[in-house]
Every structure is written in C-alpha cells, then in structure tokens.
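S.K.: Could you have a look at this structure, given as structure tokens, before my questions?
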Amino acid sequence: MLKKRRKEYFSYFLMYNFYFLAWSLFSTLISVYLLNIGFRPSQVSMVVSMSFLASMVGQPIIGYLNDRYNNKKVILTLFSLSIFGGIGMLLTENIWLITLCYSWVLLTLNGNSPALEHIAATGQFPYGRIRIWGTIGFATGAQLAGFLYDYIAPKAIFIAFLIGIVLSFIGVLGIPISEKHKNDDTSKKVSPLLLFKNQTFIYYLLVSALISGVMMSGHTFVPALLQNSGLSVGHASSVVAIAVICEAPLIFFSYSFMDKYKSKTLLFLPVLLFTLQYTVYAFDSSIFFKIIVTLLAKHTGSMMFIMVNLKIISSLVDKKIIITALAVAQTMLSLSSIVFQNIIGFILDHFSYEMMSWFLVVTLILAILLIRLIPLPDGKEQQLFS
C-alpha cells in the first residue's frame, strides 16, 4: 500500500511540476522574446490577447467535457494537442503564425487548469502537498527560461517546453482519476445553464474579471517592466522565479487558514497585495523596491486569488458542474485579459510603465469597492484545503 501511494504521489509530482514548468517556460518571457525580435508592445498585446480569446471560446466547452466525461482522457488529449503549437513557435517568426501557435498552446494549457486545480483539491493527498509542485515547477521554468534565453538561444525555450509537456503527460497516466462518467445519472443531471441564473455567481465573475485582468497583465508585462528598469533578461527571470518560490509557504500551509476564514476576507488579500505592488511601480521607485514588491506580491497574490476563487466557486455552484463553473470563470479571465492587454499595449505605445501601473491601481480600487457589496457565502463548510 505504501509503495502504491508513493508511486501515485510521484505521478502527481510529474503532472503538476512539469505542467507548470512548461507553462512558465512558454509564457514568462513571451513579451521580452517578441519585443527583442522586433515587434511593438501593441503587437505583443495582440498576440497575448488572441490567446485569451481562444481560451475564452474553448474553455467552457472543455469544462463541460471534464464534468460530463473522463478527466484523464480530456487532459491527455489537450497535452497532446499543445505539442503542435510548441513546434510551431520553434519554427516561425511570422507574427500571424506566432499568434496562432501561442493561442493554440495557451488554449490547451488554460483548458486543463480548472481540472488540475480541482484534482489537487479533491485528490488523495492534501491540496498543499500536491499543488506545491506546481509552484516549484513554475519557478524552475521561469529561471530556466532566463538561462536558456541568455546562454543558449531564445528558441531553446520552446524545446524545453515540449520536454516538460511530455513528462507531465506521463504523470497524468499514473494518476488514479475515476474512469466513470461524471454525470451519467440523467435523473440527477445538472444543466450548466443554471450558472447563468445564479446572480451571486454572475456578480462574482465581474469582480474576478477586474482582479484577473490585473493579474494577467502583470504576468505578461512585469518581466519587461523590470528589464526596462535596468535588469538583464536573466536577472528579471531570476526575480520572477524567486517570486514564485515566495508563494510556496502559502500553498503548503493553506490548510491552516483557507478553511478557517470567510471567502470575502480572503478575497481582499490578493487585491491589497496587487495594489501595493502597482503603487510602488507607479511611483517609479528604485529597482530595489520594485524587486522587493515583486517578490512579496506578484505570485503570492496570484496564488491567493487562485485558491480563493476555487473556494468561492465551490460554495456557489452544484458539485456536478464545478469544473464547468471554474472554466466559465477562466473564460471571464480570458475576456478581461483581452481588454486589459489591449489597453496596456496602447498605454505602453504612447506613455510609460508608470502610467500602466496607475491604471491598474485604479482598477484594483474599483474591485475593492465592489467586493464590499457582493454577498458571498463564507465557504467554511467546503474544507477543500484540509
């Protein structure tokens, strides 16, 4: 029995570590990569925005398939499809082909995200013990991306991405995900359309769209902001990698606070962290303070929001359509990111990173005001993280 559990845990390690490592490799330096081969900030925003558009269209369908059919088959299919986009990024420097390939890969990676978060929260091991490998993988990917970019070749990043996807694929094969269809009992089938009759869920989506728009803007442009402030690509990648590691204690000890405090209280935390981060950027502080606030807030706030989002949605919707609901929330993230990426691309084309940061601070203040008005359940009964 112990040997079997160790084997299963190793499969979780492979799946989460290399999924997030591949994701980090592929996306962390995309703005730096595109800017350095001659594209404008608005073109970078267009590439990233189209990837969010693809995810926005595809994720509700993927979420429904995960709720309706077998998780493992859907996950493995998406990983297989992502390989084609990775090969495309390796072979082309045409802006339209880059847009197509980047969008294809992000669709498959984002499409798997809700299912993998749900597996971490409902698997055989505590959430923190499984999800911690995602953090380590993402940090390793960010650091490896900088090393490959500076010392090997920028396109070596995409070769490493392909290797990471293959290893994650192997991990999924060893995970004991139920082979039964999730919603086969038609007498108990729950229609995904019920989500859109849930007013609290809709209100929450609007708030989460503001928060996630800020979050994804940072993921795309903070490495370039740090580079613009005087850091090399390698040093900017190192800062991002260390920032990811800073979220590790939050995940590992999530059992000690995520199930004990109300959802609304927890939701304020990432918003306040992001507000601190972009206020420091907005005042064009020294590079030292920019690095410190990036370490403290960038990924810590993002991980906190991911966990709170999982808790809130699990308490708002029927269990039979949780992955569909998470996918719909991810779709709103994609929609808001399209809007934010284009606004920020325009700001950076005509103004500065400081102006971008002021725009994000104002957005976060609006989110704080809206959170106070939404009647969210406390979510303590879910016990997802214990």
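All of the numbers you see were taken from the coordinates with simple rules; none came from a lab. Everything quoted here is computed from the prediction, not taken from an experiment. Heads up, the Cβs are rebuilt from the backbone with ideal geometry, glycines too, and the neighbour counts pull from every protein chain shown.
S.K.: When all C-alpha to C-alpha distances in segment 118-166 are sorted into bins of 10 Å, what percent of pairs does each bin hold, rounded to whole numbers?
M.R.: Reading upward from the zero bin: 24, 38, 24, 13, 1.
S.K.: With 10 angstrom as the radius, rank D67, D259, D150 by how many other C-beta atoms surround their C-beta, starting from the fewest.
M.R.: D150, D259, D67
S.K.: Mean Kyte-Doolittle of at least 1.0 and a Cα length of 24 Å or more along the axis: which whole DSSP H helices of the chain meet both?
M.R.: 71-91, 156-173, 199-228, 263-282, 299-316, 322-350, 353-373
S.K.: Towards the positive end of the charge dipole of the chain, with charges on Cβ (+1 Lys, Arg; -1 Asp, Glu), say which of I292, L109, L53 has the farthest Cα.
M.R.: Toward the positive end, the furthest listed residue is L109.
S.K.: Next question, about the same structure. Over segment 226-374, what portion of Cα pair distances is larger than 29 Å, expressed as a whole percent?
M.R.: 21 percent
S.K.: Distance in nm between label sites at D378 and Q124, each 7 Å beyond Cα in the beta-carbon direction?
M.R.: In this crude label model, D378 to Q124 measures out at 3.4 nm.
S.K.: Please give me the summed charge of the neighbours of K298: other residues whose Cβ is under 14 Å from its Cβ, Lys and Arg +1, Asp and Glu -1.
M.R.: Counting the neighbours of K298, the net charge comes to 0.
S.K.: Pairs K197/K260; K7/K380; K262/K290; K72/K155; K197/K319; K73/K262: which exceed 24 Å Cα-Cα?
M.R.: K197/K260; K7/K380; K262/K290; K72/K155; K73/K262
S.K.: Would you mind computing, in nm to one decimal, how far apart the modelled labels at T92 and K319 are, each placed 7 Å from Cα along Cα→Cβ?
M.R.: Distance between label points: 4.5 nm.
S.K.: Additional query: Can you tell which of L250, I306, N66 lies farthest toward the positive end of the dipole of the chain, using +1 and -1 charges on the Cβ of basic and acidic side chains (Lys, Arg; Asp, Glu)?
M.R.: Of the candidates, N66 comes out farthest on the positive side.
S.K.: I'd like the per residue volume of the convex hull spanned by the Cα atoms of segment 1-99, given in cubic angstrom.
M.R.: Dividing the Cα hull volume of segment 1-99 by its residue count gives 111 Å³.
S.K.: With +1 assigned to the C-beta of every Lys and Arg and -1 to the C-beta of every Asp and Glu, and no other charges, what is the dipole magnitude of the chain about the Cα centre in debye, to the nearest 20?
M.R.: Taking the Cα centre of the chain as origin, the dipole is about 1220 debye.
S.K.: Same structure again: Counting other beta carbons within 10 Å of each residue's own, what order do I152, I321, I343 fall into, fewest first?
M.R.: I152, I343, I321
S.K.: Return W23, W96 ranked ascending by Cβ neighbour count within 10 Å, so the fewest neighbours appear first.
M.R.: If I rank by nearby Cβ atoms, fewest first, I get W96, W23.
S.K.: Just to be sure I understand the curve: with the Debye formula and one point per C-alpha of segment 186-255, what is log10 I(q)/I(0) at q = 0.24 Å⁻¹?
M.R.: The calculated log intensity ratios at q = 0.24 Å⁻¹ are -1.03.
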